Structures are given as structure tokens and as C-alpha cells.
Amino acid sequence: MNVRALVGVIALVVLGLLLWELRWVLLVLFGAVVLAIAMDVLISQLRALLPLNRPTALVLAISLLAVVGAGLTSLLLPEVVEQARELGRLLPELNRQLDPLLRRIPGLGELDPSRGTDDWWNRLLPMGGELLGMAGGAASTTVQLLLMVLLAVLLALDPRSHQRLVLAATPAFYRPRMQLLLGECRRALGGWLAGMTLSALVVFLASWAGLVLLEVPLALLCGLVCGLFTFVPTIGPFAASLLAMAVALAVSPAKALQVLLLRLVLQNAEAFLLTPLLLRRTVNLLPTVALMAQLSLGALLGLPGLLLALPLVVVLQVIGQAVLVRDVMDRWERP
């Protein structure tokens, strides 16, 4: 190995360590880019309908989002709060339904509260430190979300200047290709966001209506959770189904089975019909790739990595097809 190759390897190792140390900054920056593209889709639609410049369209888009969000909050929040209180009242009934099953599992008998208050108190003491850690994590996450939103607004306000900054850091011979690549990434990510938003809305309405027809308590709350968890494919629908099934189990095991069948039908319809139809013109992610990306980023970065795994995979797939496949593999000739 010559000196130049050794210096290159050392530089790559140092760059990798630096990127790992700055992983949270990069995660916030990528989240801001995703939000900025989502706002840019709305801004482009407004500018196509009205003769507005970008700052005015951005203010109008934020105002529309605020009005729609406030309207939905005022419409749904009281019912959601009431159903959350009802969930607290249903928990004892759910515990009664699950108690015979849990008693059959070895080791759970140690959790019997009749074994003494001192033992329970000693077990609860470590939870104080965990609660403080959770509060600190929640405060840190709130700050990161605020920074993400601020960066997204700044990026959406003047995307061309930031695009020129990226192009300036690219070698001159590759700048036209990089400009096309940035456009492809923007279209793919914007299309993915629009498709997943429509898919989540359909899943929310269908789950809500199905649970109401089955006379399941907390139908609105469970439907809302099912819709939100659609943004985390593969893992999200399964986790959302657990809440609906647990609430139905508090009524009867037969009701839980009905909810399970409903969620299986809706989940398969969303995964194999609705989502491919909405995303057919943007990007097609293999379920294995999506699942591995979620597991990997979830293990490395926690919940933020899990939520941003699929947008990152969408961008990496576009870059991989353009750079690795077209520019490297397709031009690789046998010597």
C-alpha cells in the first residue's frame, strides 16, 4: 500500500468517526429536509393555482396547515381525550381477561402484590431514575423537533440557494449529473410523502368505520393510532393492531378475533393494493429492505431513526440506482 492509499484510508476512517459523532445533527438535518420537501409540495401546488412568490406561498402554506391542524384538533381532541379516559377505565377489565393467561406463564407469580409492600417499594424505587431519564429524553426530543421545524422552514424558504451550495461542493464535471440527481431525489421523496399521507388517511377512516361497525370501544382512538402508524410500515401496523385488539379483548375474546380479522384485511389491502397504487410512479421499496432499514436505524438511533428510516431508504435507493448502477456497474467493462 502506497502513501496516497494509506492517507485515503485514514481520511475515510476519520470521516466515518466524525459522521458518527454528528449522527444526531445529521438526523435532525435529514428530518428537516423531509419536512421541507413536504412543505415544498404544498407550496408548488399553491404557486400553480395563485400568482404568489415563494415567501408568500410559504406563509400561506403554514397558515393553511395551522388552520387545518387547529380545526382537526378541536374536532377530534375532545373525543380522543374522552376515549383515553375510557381506556383507563377498561384496563381493569382487560387485566381480568388476561389474568388467567398470565398466571400460566412461569415467573409471573413473583409479581403478586400480596407478597408485601416493602418488596413492591424496593422495586418501584429504581423507576424514579428511569422516569427522570425519560423526562430528560422528552425535553431533548422537543428541542430537536423545534430545530427540525425551524430548519425545514428555512430550507423551504430558499431551496435554490441550498441546492447551489450542494452543487458547489461537487466536482465541476459531475455538477450537471448532481443537479439531475437532486431533482430525482426530491420527486421520489415528495411522491413517497404524498402517497403515504393519503394511505394513512384511508387507513384511519377505514379502521375507524370498521371498529364502529363492530361496536368496539375507543374506535376513534384506535383508528387514529392505526393511521399514524402507517408511516412505519411492516412494524407500525402490527403495533397499532395490538391496541385495537387489547381494547376489544376487554369486551370479549370473540370481539378481539373480529378486530384481528378486520386489521388483517385492512393491512393487506393497504400493503398490496393501496400503497403500490399510490407509489407506482415514485419508488417501490422491497419489504425486506424496508424492514432491515427500520431495524438497523431503530437499533442505532432509537425511535427517530425508526421514523426516518424509510425516507432515508427512498433517497438512498434513488442515489444507488443513479450512481452505483448507472455510473459504475453499467459502465464496468471487462479488462
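Rule-based calculations on the coordinates, nothing more; no lab input. Quantities reported herein were computed from a predicted structural model and do not represent experimental measurements. No Cβ is skipped: glycine too gets one built from the backbone with ideal geometry, and neighbour counts run over all protein chains shown.
Based on alpha-carbon atoms, the Kirkwood radius and the radius of gyration of the range 218-335 give Rg/Rh equal to 1.13.
By the equivalent-ellipsoid construction on the alpha carbon gyration tensor, the range 14-97 comes out with semi-axes of 37, 29, 8 Å, ordered largest to smallest.
Of the peptides 197-208, 249-260, 61-72, the ranking by mean beta-carbon count within 10 Å, highest at the top, reads 197-208, 249-260, 61-72.
Between the alpha-carbon centres of the range 1-38 and the range 235-272 there is a gap of 41 Å.
The Cα-based radius of gyration of the range 146-274, divided by its Kirkwood radius, gives an Rg/Rh of 1.21. Working value for the range 158-225: equivalent-ellipsoid semi-axes of 46, 10, 7 Å, each the square root of 5 times a Cα gyration tensor eigenvalue, largest first.
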